[in-house]
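Peer 1: Take this structure, written in structure tokens, and hold onto it; I'll ask about it next.
What follows is calculated from the coordinates using simple rules that are stated; it is not laboratory data. If you're wondering where the values come from, they're calculated on a predicted model, not measured in any experiment. Heads up, the Cβs are rebuilt from the backbone with ideal geometry, glycines too, and the neighbour counts pull from every protein chain shown.
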Amino acid sequence: MKIAVIGLGFVGLSLASVLASKGNNVIGIDVDVKKCKKICNGITPFFEPDLEKTLKIGLKKKLTISNDFSLIKDYDMIFVAVGTPQKSNGAIELSMIKKAVTSIGTILAKSKKKPIVLIKSTVIPGTMQNVILPILEKRSGKKAGKEFGLISNPEFLQESSAIKDTKFPHVIVLGGYQTKFMKKAKSFFSKLHPNVPITITNHQTVEMIKYANNSFLATKISFINQLSNICQNIPGANIDDIAKTIGLDPRIGALFLNAGPGYGGSCLPKDMKALISFADKIGINPTLLNAVEKTNQKQIQNIISLMEKTLGTLASKRITVLGTAFKPNTDDVRDSIAIELIKKLLKKKSRITIYDPKAMKNTRNIFGDKIIYAGSVADALNKSKCAILMTHWKQFERFNNNSIKYMSKKFIIDCRRILVEKELQAEYYAIGIGKI
Ligand code: UDX
């Protein structure tokens, strides 16, 4: 089985590397020539634990990387994992996926192979049936289900555990018609991931499963964040004890109940907006989803209000933001709440210093010389009037009274409750814990 993976972002590169490291014959394709060169040399274009190691194993085996689409003509399975970002109105931007399937269709027209095309990219319901299938059939002049297979195959991996999640997924989801191609795909995945449940259904249900998954996760986070705001106004109330306890109820589950500054990243915010926009378009008023989104957007304002309560005006005050990555163990700052916070503080004319163990370069790409980039936590806190912990990096757990020695005002807002036990000699606020 020869496997092609189109689009070498988090999903595509993890998939190509894992499949190749297991001995499969894999080609990874991306339009970005520079990126392809890097990957060819075993260098990952972003930080992701274990990815570089897995990529190098893959390259030693049968992984090739290219920007030449025409090479897919000899392949049996073609995974499409290109981005589906969001337009300014929240709707989904399909130009990259349209381009990718147009190229695949054109190549299929000249190929003797009967490959299976598997779409990993997140697309709104109806996209497979109304956009992707017609493009592929028109360009190739061939019939889906007869001369090539077309399967929706969404991905549920999380950044920072992309390799683990690719190796050990909790579910495999396959959408499409019950054809010989579906049988082949099912057999491929059951061999690759024995004992992992497989859901097989139609395209539109699969498209909706992905949004259901991400919007439920977002709902859990906004739920706990709203509760944490209530707790903050009950002296002594502790959101973590509440989350831990309700999480023991199997109907609720323990994960995704960590209160914080709101959900960020390249998926949850974008998928929430795309689902809301889709629901609006088909005449459903998505009241719950809107509330989840609104709660998320308001969370950052709660943090700023807390700062203003203590500091008064934020203009010309030096504020330190610790952690700009949207979560720990990644250098990704896309839709990071910390980045939003810095933008809002800059509007208020604050002077910002940041430190992040991995995301300094990506943060600099956004702010250039508008903010100061410190080399360590201690440097970042020097002469600062407020420290705000945004990302739960493990190294921030070492934070202590020594770290804050040179702050000009010892005022700390801890959005992840990393320092609760530390007895800091400072004015200390933890999101979700009511001050006594
Ligand atoms: C998400 C989905 O989890 C994944 O299944 C999908 O394939 C892609 O989108 P990811 O973007 O890597 O994955 O981030 P995730 O771990 O879900 O976190 C998203 C945001 O929610 C982060 O900003 C994180 O800090 C926040 N979060 C998460 C919380 O604030 N509290 C939690 O309990 C969990």
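Peer 1: Rounded to the nearest 0.05, what FRET efficiency is calculated for Glu308 and Thr64 with R0 set to 60 Å and r the Cβ-Cβ distance? Please list the in-between numbers first.
Peer 2: Values: r = 55 Å, r/R0 = 0.92.
My answer for the efficiency is 0.60.
Peer 1: Then there is this: With label points built 7 Å along Cα→Cβ from the Cα atoms of Ser88 and Lys146, find their separation and express it in nm.
Peer 2: 4.5 nm
Peer 1: Measuring from a point 7 Å past the Cα of Glu52 along Cα-to-C-beta, which residues in the stretch 358-400 have an amide N at less than 16 Å?
Peer 2: 358-362
Peer 1: May I pose another question? Checking understanding here: applying a Kyte-Doolittle mean of at least 0.0 and a length along the axis of at least 27 Å (C-alpha), which whole DSSP H helices in the chain pass?
Peer 2: Details: long enough: 203-231 (42 Å, 0.10); 287-311 (36 Å, -0.24).
Membrane-span-like by this rule: 203-231.
Peer 1: Of Lys294/Lys317; Lys61/Lys270; Lys34/Lys146; Lys61/Lys120; Lys112/Lys164; Lys56/Lys113, which ones are farther than 31 Å apart at the Cα?
Peer 2: Values: Lys294/Lys317 28 Å; Lys61/Lys270 36 Å; Lys34/Lys146 37 Å; Lys61/Lys120 24 Å; Lys112/Lys164 36 Å; Lys56/Lys113 29 Å.
Those over the limit are Lys61/Lys270; Lys34/Lys146; Lys112/Lys164.
Peer 1: Can you sort Phe411, Phe326 so the residue with the fewest Cβ neighbours within 10 Å comes first? The partial results should precede the final answer.
Peer 2: Numbers: Phe411 22, Phe326 27.
Going from least to most buried by this count: Phe411, Phe326.
Peer 1: Can I ask one more? Sticking with the crude label model, points 7 Å out along Cα→Cβ, report the distance from Cys40 to Lys167 in nm, one decimal please.
Peer 2: In this crude spin-label approximation the distance works out to 2.8 nm.
Peer 1: About its Cα centre, how strong a charge dipole does the stretch 213-430 have in debye, to the nearest 20, once Lys and Arg get +1 and Asp and Glu get -1 at the Cβ?
Peer 2: Result for the stretch 213-430 is approximately 800 debye, rounded to the nearest 20.
Peer 1: Among 309-316, 371-378, how do they line up from the highest to the lowest mean number of other beta-carbon atoms within 10 Å?
Peer 2: Details: 309-316: 12.1, 371-378: 16.2.
Going from most to least packed, we get 371-378, 309-316.
Peer 1: Could you list the GluC sites (Glu not before Pro) in the stretch 344-429 that lie in coil according to DSSP, counting only those with at most 13 other Cβ atoms within 10 Å of their Cβ?
Peer 2: Values: sites: Glu397, Glu421, Glu423, Glu427; in loops: Glu423.
Sparse-neighbourhood loop GluC sites (Glu not before Pro): Glu423.
Peer 1: Mind jotting down the distance between the C-alpha centroids of the stretch 23-77 and the stretch 258-285, whole Å?
Peer 2: 31 Å
Peer 1: Moving on. So what's the back-of-envelope 222 nm ellipticity for the chain, counting only DSSP H runs of four-plus at -39500 (n - 2.57) apiece and dividing by all residues, rounded to 500? All intermediate terms of the calculation are to be shown ahead of the outcome.
Peer 2: Values: 14 runs with 174 residues, N = 436.
One gets -12500 deg cm²/dmol as the mean residue ellipticity at 222 nm.
Peer 1: Moving on to the next point. Under 1.5 on a/c is rounded, so check that first for the stretch 2-201, then, if it is not, pick prolate when a/b is larger than b/c and oblate when it is not; a ≥ b ≥ c are the square roots of the alpha carbon gyration tensor eigenvalues. Don't skip to the end; give the middle numbers.
Peer 2: Details: a/c = 1.32, a/b = 1.25, b/c = 1.06.
Since a/c stays below 1.5, the shape of the stretch 2-201 is classed as rounded.
Peer 1: Grab the other residues whose beta carbon is less than 13 angstrom from that of Val131, score K and R as +1, D and E as -1, and report the net.
Peer 2: Working: positive: Lys98, Lys99, Lys138, Arg139; negative: Glu93, Glu137, Glu207.
Net charge around Val131: +1.
Peer 1: Next question, about the same structure. Find, among the trypsin sites (Lys or Arg not before Pro) in the stretch 367-424, those assigned to loop by DSSP (not H, G, I, E, B) with at most 12 other beta-carbon atoms within 10 angstrom.
Peer 2: Numbers: sites: Lys370, Lys383, Lys385, Lys394, Arg398, Lys405, Lys409, Lys410, Arg416, Arg417, Lys422; in loops: Lys383, Lys385, Lys405, Lys409, Lys410, Arg416, Arg417.
The qualifying sites are Lys383, Lys405.
Peer 1: Quick check on the exposure proxy: order Arg351, Arg251 from fewest to most C-beta atoms within 10 angstrom. Spell out each step's value before the answer.
Peer 2: On the way: Arg351 19, Arg251 5.
Lowest count first: Arg251, Arg351.
Peer 1: If the reach is capped at under 18 angstrom between alpha carbons, list the aspartates and glutamates near Lys138, excluding any in the same chain fewer than eight residues apart.
Peer 2: Glu147
Peer 1: Mind sorting Ile276, Ile200 by how few other Cβ atoms lie within 10 Å of their own Cβ, fewest first? Intermediate results must be reported in sequence, preceding the final value.
Peer 2: Details: Ile276 21, Ile200 17.
Going from sparsest to densest Cβ surroundings: Ile200, Ile276.
Peer 1: Between Ser376 and Lys98, what's the calculated FRET efficiency when r is the beta-carbon distance and R0 is 56 Å? Round to 0.05. Please list the in-between numbers first.
Peer 2: Working: r = 46 Å, r/R0 = 0.82.
E between Ser376 and Lys98, to the nearest 0.05, is 0.75.
Peer 1: Which percent of Cα pairs goes in each bin when the distances of the stretch 213-430 are cut into 5 angstrom slices starting at zero?
Peer 2: In order of increasing distance, the bins hold 1, 7, 15, 18, 19, 17, 11, 7, 3, 1, 0, 0 percent.
Peer 1: Something else: Which whole-number percent is the relative contact order of the chain (Cα, under 8 Å, 6+ apart)?
Peer 2: Relative contact order here is 12 percent.
Peer 1: Now, a different point. Residues in the stretch 212-242, backbone N under 15 Å from the label point at Leu248 (7 Å along the Cα-to-beta-carbon vector): list them, ranges by number please.
Peer 2: Within reach of a label on Leu248: 240-242.
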